[in-house]
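The block underneath contains the structure these notes are about, expressed in C-alpha cells.
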Amino acid sequence: MEWWQTGVIYQIYPRSFQDGNGDGVGDLTGILGRVDYLSETLGVDAVWLSPFYRSPMDDFGYDISDYCDVDPLFGGLDDFDRLLEAFHDRGVRVIVDLVPNHTSDRHPWFLESRSGRDHPRREWYVWADPGPDGGPPNNWLAAFGGVAWEWDESTGQYYLHSFLRSQPDLNWRNPEVEAAMFDVMRFWLERGVDGFRLDVAHFVMKDPDLRDNPVIEPGVGAFKDMAEYGTQDHLYDKGHPDVHPLFRRMRALLDGYRSPRVAIGEIHIDDYRQWAAYYGADRDELHLPFNFRLLYADWQADAIGALVDELEAALPTGAWPNYVLGNHDEPRLATRFGPENRRLAAMLLLTLRGTPTLYYGDELGLFEVEIPPDRQVDPWGLQVPGLGRDGCRTPMPWDGTPGAGFTRGEPWLPLGPQAAAMHVAAQLEDPGSVLNLYRALLGLRRGMPSLHRGGYRRIEAPAGVLGYRREAPGAAPVAVMLNFTGEGQVVEAAGEIALSTTMNRTGTRSAGSIILAPHEGIVIVDR
C-alpha cells in the first residue's frame, strides 16, 4: 500500500498556522518553525498546504495571479524549498493546493485574453455572446452569489466565473490550457512535492452547449445550505463527462514520476455512485476524491454506520476510501457536532478504513469563532451573509502569550476567547486533553496494521452504538465501539482496551461486558 493510503493528512491554512515575521499573517517560515510539532508531537504523515501562490487575495489565495511563485505575504520560493526539505527530512509528505478551475482576473493569461477577441489567449477562458434577451448566455449562478457571467464592455462578450467575478474560469477544452496547467504541475512535482489537492476539481469541464441548469426547490438533495446557488440542479455548469478523460491524462502525468504522487479532488457530490466515478473505471483517475458526506451527517450511530456502509458498497474494486470532518470551508466540527462529541469524532475519523484528513486546530477541539461584523473578511460571507468562513480560519493558538504564540503583531482574524485556555502548550500538559487524545490515536493507528490498512465490517452493537471490526492479515484484530448517546451503554467486547476517548481505560482488559460512558468510544485489541 502507498503512503497516501496508510498515512494521515493534516491541512494547514497558511494564513492562520504560524506568523514568522510579526505582520499578523501566517507564512512559510512560520510553518517551518512548527515542523517538529507536526512530525513529532502530533505525528502526522503528510501535510496539505492551502494556496500560498501570488494572488491579489480577493479569495485569500484561491485567486491566483502566478501559479509558479510564492506570494510575498508568505515568503519566497527559497522559503518553500526549505520547508519542503524540512518535512521530507522528517518523513512527512507535502501536498500543495492546485486551483485548476479559475485564475485571478489579474493573471497575465486573463489580461491577455481580455485584451481583444483576436488575441491568441482569448480562448483560454470561457467567453460567450449575450443571450437572446441581451443578458447573460444562460441561467448559471456563481457559488459565491449572483449570476456566473460578467459583461466585458470592451470586447462585447461575457466571461464565466463560477465563484467571484475576479475569478474567471479557464477553458480546459482548449489543449493549450491543459498543456499550460500540466506544466504548472510539473514545476511543483520536479521541485519535490508529493501531490496535489485539486480545488473544485469537477468544475473544470462544463457543458459545451452552455445549457440552462434546471431550477429546483432550494436545498433539495443538498447537504448544506447554499442560498440562491441551491435553487438549481447544477447539471451543466460542472461535472461534464469529459472531465474523466482529462483526469486520466492528469493521472498519467503523476504516474510518470518514480516516487508515488497523489491527486486528491475536491468533489462535492452527495450521490456515492456518481462520486465514486472519479476514481476511474480502472482506478486511473483521482487517487482520492474527497469524501465530504460525514461533514453534515446526522450525528447518530445508525446514520453514520449507514453512510460508511454506502461508501464501502459504492467503491470501485480496489479503490481506497477517505474521510473528512473539517476543513477551511466548513464550521468547526466541535461546533457542528457539539462539544460532547469532539472526542468521539476524533476516534471515528482515525479508526475507519481509509485515509483521514485532519484540519488544523481540530486536534485542539477548537470551536467556531464568532467574528464581529467589522472584522469579517471572507468574500463569500460578505456577498451572502451567513455563509462566511472566517470563523473556522482563525489563528492557531500555541501558548498563553498575548498573540497566543501565533504572532507578535495584530492577528489577521480575532483569536477568539478559546485561545486563552485551549492552546497547544496547556493541552500538552494535560494528560486527558483533546490534543493528547489525538496524539494517542495517531500513535495507535500508526502502530497497528489493522487500523491503517485493515478491512472493515460492522459488528453487533446496542442501539445508539456504532461497532466495527478492523482486521489485516498477520496482525491483531481491532474492534471499535462508539457510543453516540448521552447515556451509558453496555457492549459485549473482549480483549485489551488500547484506548478510550476518556483516556482512563488504557491497558485494562475486558472478558465480556463493558459499560461505555455517554459519548465514549473505545478501541479493543484481540491479544
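Every number here is computed from the coordinates shown, using simple stated rules; none is lab data. As the structure is a computational prediction, the values presented were derived from the model and not from experiment. We place every Cβ from the backbone using ideal geometry, glycine too, and count neighbours over all the protein chains shown.
Here is how the numbers come out for the structure above:
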quantity	calculated
Mean separation of Cα contacts under 8 Å, 6 or more apart, over the residue count of the chain: relative contact order %	12 percent
Sorted by Cβ neighbour density within 10 Å, fewest at the top, the residues T335, T317	T317, T335
Extension gain from A180 to A421, taking 0.36 nm per residue of separation minus the Cα-Cα distance	82.0 nm
Full-stretch length increase - R273, R248 - with 0.36 nm per residue and alpha-carbon distance subtracted	7.1 nm
Magnitude of the charge dipole, region 218-308, Cβ model with Lys/Arg +1 and Asp/Glu -1, debye to 20	540 debye
Whole-Hz couplings from phi, Karplus 6.51/-1.76/1.60, listed for region 354-364; x for Gly and Pro	x, 8, x, 10, 9, 9, 3, x, 5, 5, 9
Protection proxy ranking of 258-269, 428-439 - average other beta-carbon atoms within 10 Å, highest first	258-269, 428-439
Rounded FRET efficiency, nearest 0.05, which uses the C-beta distance separating D66 from E123 and R0 of 22 Å	0.55
Residues whose placed amide H lies under 5 Å from that of D169, excluding near-sequence neighbours	V126, L160, H161, S162
Order of R353, R114 - criterion: other Cβ atoms within 10 Å of each residue's Cβ, fewest first	R114, R353
³J(HN,Hα), Karplus 6.51/-1.76/1.60, whole Hz, each residue of region 59-76, x for Gly, Pro	10, 6, x, 7, 10, 9, 9, 7, 6, 10, 8, 9, 5, x, 4, 9, x, x
Ordering of 339-345, 399-405 by packing [mean C-beta count within 10 Å, highest first]	339-345, 399-405
Point-to-point label distance, T502-L77, nm (Cα→Cβ direction, 7 Å offset)	5.7 nm
Longest to shortest principal axis, alpha-carbon extents of region 455-525, angstrom	37, 24, 19
Distance between region 373-416 and region 82-99 - C-alpha centres, whole angstrom	25 Å
Spatial separation of Cα centroids for region 267-316 and region 4-52, in angstrom	27 Å
Local electrostatic count, V490, Cβ distance below 14 Å [Lys/Arg +1, Asp/Glu -1]	-4
Amide H contacts under 5 Å for T506, placed H, 5+ residues apart	S500
Relative contact order for region 455-525, counting Cα pairs under 8 Å that sit 6 or more residues apart, in percent	31 percent
Surrounding net charge for G403, when Lys and Arg each add one and Asp and Glu each subtract one, Cβ distance under 11 Å	-2
Residues S500, S513, sorted so that the one with the fewest Cβ neighbours within 10 Å comes first	S513, S500
Point-charge dipole on Cβ atoms (K/R +1, D/E -1) for region 419-527, about Cα centre, debye to 20	440 debye
Within region 256-327, chymotrypsin sites (Phe, Trp or Tyr not before Pro) in DSSP loop having at most 14 other beta-carbon neighbours inside 10 Å	Y257
By average C-beta atoms within 10 angstrom, highest first, the peptides 458-464, 96-102, 168-174	96-102, 168-174, 458-464
222 nm mean residue ellipticity, helices alone, for the chain (DSSP H n ≥ 4; -39,500 (n - 2.57); rounded to 500)	-6500 deg cm²/dmol
Cut-off 14 Å, label 7 Å out along Cα→Cβ of V215, residues of region 137-152 by amide N	139-141
Amide H partners (placed H, <5 Å) of Q232, local residues excluded	I216
Relative contact order (%) - region 388-452, alpha-carbon pairs under 8 angstrom, separation at least six	24 percent
Karplus-derived 3J(HN,Hα), 6.51/-1.76/1.60, for each residue of region 28-39, Hz, glycine and proline x	5, 5, x, 4, 4, x, 10, 4, 5, 4, 6, 7
Counted charge near R375, where neighbours are those whose Cβ lies closer than 13 Å (Asp, Glu -1; Lys, Arg +1)	-4
